[in-house]
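Enquirer: Dropping a structure here in structure tokens format, bear with me for questions.
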Amino acid sequence: MRRIVLGIETSCDETAAAIVSSDKEILANEILSQFEDHAAYGGVVPEIAARSHVEHLDHLIRKALAASGIDWPRIDAIVATGGPGLIGGLLVGVVTAKALAFAKDKPFLAINHLEGHALSPRLVEEVDFPYLLLLVSGGHCQLIQVEGVGAYKRLGTTIDDAVGEAFDKTAKLLGLGMPGGPKVEAMARKGRAGRFSLPRPLAGTPGCDFSFSGLKTALWRQLEKLSQQGGPDDEDIADLCAEFQAAVSDCLVDRTGRALTQFTASFPDHMDNTLVVAGGVASNMTLRQNLKDLSAAEGFHFVAPPGWLCTDNAAMIAWAGLERLAQGAQHAPDFEARSRWPLDTTSKPQIGYGKRGAKV
Ligand code: KG4
Ligand code: ZN
């Protein structure tokens, strides 16, 4: 049966609505980034983000419906990101989805944002389970064995900052503005890695966990030195960006290499092993190339969704919803948005365990 769903994403600073079918047709994919609303503050301000979602979501949903040519009777379900993320934004998306589901008499389903990223490559390519996923975004950095829809085993996670967060903080330190990742990548293209020396935290150590906070501090020290010498000039900044990007990529490749070995040990009879990279940082071209090389060396297929599907969007939420709906999933109207919602609930949290549960 061909299903069509409306997907809604409001977990951070992108307001998005998409209409996607179970036979992988993306009928509409509307997205509004709030970069300008937050630029003056040097980072995402949760209250501003929530207000902006309230102001724009209705309009984006109307736009998505108009662009798709699909009317309400043909929509089979309404799917929204239910967590993890900024609670104000999540509430806007979840309440809107529930209200529409009630008014139009449709099923409602909340999706874990990380599951949206995790299943996103299946929307555009044939990727069978199981596969190894490197999930690299503004809020997360994890290696996950994706064994099926709803079956996720975490092999590693960050013990401090997320990788996108490290890019964003680096951009801020260097005065490059938002969004940090693309700005650092653009500067790195003009620079030379190796002129400055930054550490590769945890590289070469056992396990698959990540650490990025030391890298940021080391970069700050280099910057201090340069400013004592009257710098930094544009060339210094470009070289720092190139070295930072190389260091991050080396760390990600080192940890992913270990996870590939673990994956092969978990599925010794599985042919056609696949490594998938997803999340906003997966749009980084240096990282993609280095992961591609690693995959080739280890005999893995390498899949990286197109850039528009790596950064936050509602098409991936709609798709994850379709995968869940095929299993009969649905949420009751009393579902509550969750700022924390780990994908693998059995793994020990590394950081951020509190009253609201594990952070990642
Ligand atoms: O997945 P995403 O859109 O939102 C979250 O779920 O967090 O990821 C956003 C993150 C930001 O930290 C952004 O700086 C980073 O992805 N990012 C990049 C690039 N494009 C986005 N990092 C490095 N290189 C890029 N080209
Ligand atoms: Zn995301």
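The values are calculated or read from the model by the stated rules, or taken from the named source; none is laboratory data. No experiment lies behind these values; they were computed from the predicted model shown. In this analysis, Cβ positions are derived from the backbone assuming ideal geometry, glycine residues included, and neighbour counts consider all displayed protein chains.
Enquirer: Would it be correct to say that ALA186 is within 18 Å of ARG288 (Cα to Cα), within 16 Å of ligand 1 (Cβ to nearest atom), surrounded by fewer than 23 Cβ atoms within 10 Å (Cβ to Cβ) and of a type outside the set (D, E, K, R)?
Expert: Criteria met by ALA186.
Enquirer: Do we have any residue at all in the range 184-207 that's among the hydroxyl-bearing types (Ser, Thr, Tyr) and touching a residue at least 24 places away in the same chain (Cβ under 8 Å)?
Expert: yes
Enquirer: Still on this model: Go through (1) under 21 Å from CYS310 (Cα atoms); (2) within 16 Å of ligand 1 (Cβ to nearest atom) one by one and return the number of the condition ARG154 breaks.
Expert: (2)
Enquirer: Which is surrounded by fewer than 22 Cβ atoms within 10 Å (Cβ to Cβ) and on the phi > 0 side of the Ramachandran plot, of GLY194, GLY257, GLY214?
Expert: Going through GLY194, GLY257, GLY214 in turn, the sole match is GLY194.
Enquirer: Residue check, VAL94 against (1) surrounded by fewer than 21 Cβ atoms within 10 Å (Cβ to Cβ); (2) closer than 14 Å to GLY321 by Cα, all met but one. Which one?
Expert: Against the list (1) surrounded by fewer than 21 Cβ atoms within 10 Å (Cβ to Cβ); (2) closer than 14 Å to GLY321 by Cα, VAL94 comes up short only on (1).
Enquirer: Can you confirm whether THR158 is over 30 Å from SER266 (Cα atoms), in the same structural domain as GLN262 (by TED's automatic domain parsing) and either buried (at least 24 other Cβ atoms within 10 Å of the Cβ) or in contact (Cβ under 8 Å) with a residue 24 or more places away in the chain (or both)? I'd like the intermediate steps shown before the answer.
Expert: Working: over 30 Å from SER266 (Cα atoms): no; in the same structural domain as GLN262 (by TED's automatic domain parsing): yes; either buried (at least 24 other Cβ atoms within 10 Å of the Cβ) or in contact (Cβ under 8 Å) with a residue 24 or more places away in the chain (or both): yes.
So THR158 fails the test.
For every residue, the table says whether it meets (1) away from ligand 2 (no atom under 16 Å from the Cβ); (2) within 21 Å of the chain's Cα centre (by Cα); (3) of a type in the set (A, V, I, L, M); (4) in the same structural domain as GLU14 (by TED's automatic domain parsing).
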position: ILE70; (1), (2), (3), (4): yes, no, yes, yes
position: LEU90; (1), (2), (3), (4): no, yes, yes, yes
position: LEU100; (1), (2), (3), (4): yes, no, yes, yes
position: ILE111; (1), (2), (3), (4): no, yes, yes, yes
position: GLU115; (1), (2), (3), (4): no, yes, no, yes
position: GLY138; (1), (2), (3), (4): no, yes, no, no
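Enquirer: Can you list residue pairs whose Cβ atoms sit under 8 Å apart, with the first residue in the range 89-117 being under 15 Å from LEU57 (Cβ atoms) and part of a helix (DSSP H, G or I) and the second being more than 16 Å from ligand 1 (Cβ to nearest atom) and among the charged types (D, E, K, R)? Count only pairs 6 or more apart in sequence or on different chains.
Expert: Cβ pairs passing all conditions: VAL94/GLU336; THR96/ASP58; LEU100/LYS106.
Enquirer: Here's another thing I want to ask about it. Let me confirm something: among ARG74, ARG51, which residue is farther than 14 Å from ALA314 by Cβ, surrounded by fewer than 19 Cβ atoms within 10 Å (Cβ to Cβ) and at pLDDT 95 or above?
Expert: Being farther than 14 Å from ALA314 by Cβ, surrounded by fewer than 19 Cβ atoms within 10 Å (Cβ to Cβ) and at pLDDT 95 or above holds for just one of ARG74, ARG51, which is ARG74.
Enquirer: Ok, one more. Filter the range 117-136 down to the residues that are within 16 Å of ligand 2 (Cβ to nearest atom) and farther than 18 Å from SER11 by Cα, then identify the one that is surrounded by the most Cβ atoms within 10 Å (Cβ to Cβ).
Expert: First pass over the range 117-136, keeping only residues within 16 Å of ligand 2 (Cβ to nearest atom): 117-121, 123, 133-136.
So of that shortlist, the ones also farther than 18 Å from SER11 by Cα come out as 121, 123, 133-134.
Working: PRO121: 26, LEU123: 21, LEU133: 32, LEU134: 28.
Ranking the qualifying residues of the range 117-136, first place goes to LEU133.
Enquirer: Any idea which residue in the range 1-36 is surrounded by the most Cβ atoms within 10 Å (Cβ to Cβ), counting only those that are of a type in the set (Asp, Glu) and in contact (Cβ under 8 Å) with a residue 24 or more places away in the chain?
Expert: Among residues in the range 1-36 that are of a type in the set (Asp, Glu) and in contact (Cβ under 8 Å) with a residue 24 or more places away in the chain, the one surrounded by the most Cβ atoms within 10 Å (Cβ to Cβ) is GLU9.
Enquirer: In the set ASP334, ASP344, which member is within 23 Å of THR264 (Cα to Cα), of a type in the set (Asp, Glu) and surrounded by fewer than 19 Cβ atoms within 10 Å (Cβ to Cβ)?
Expert: It is ASP344.
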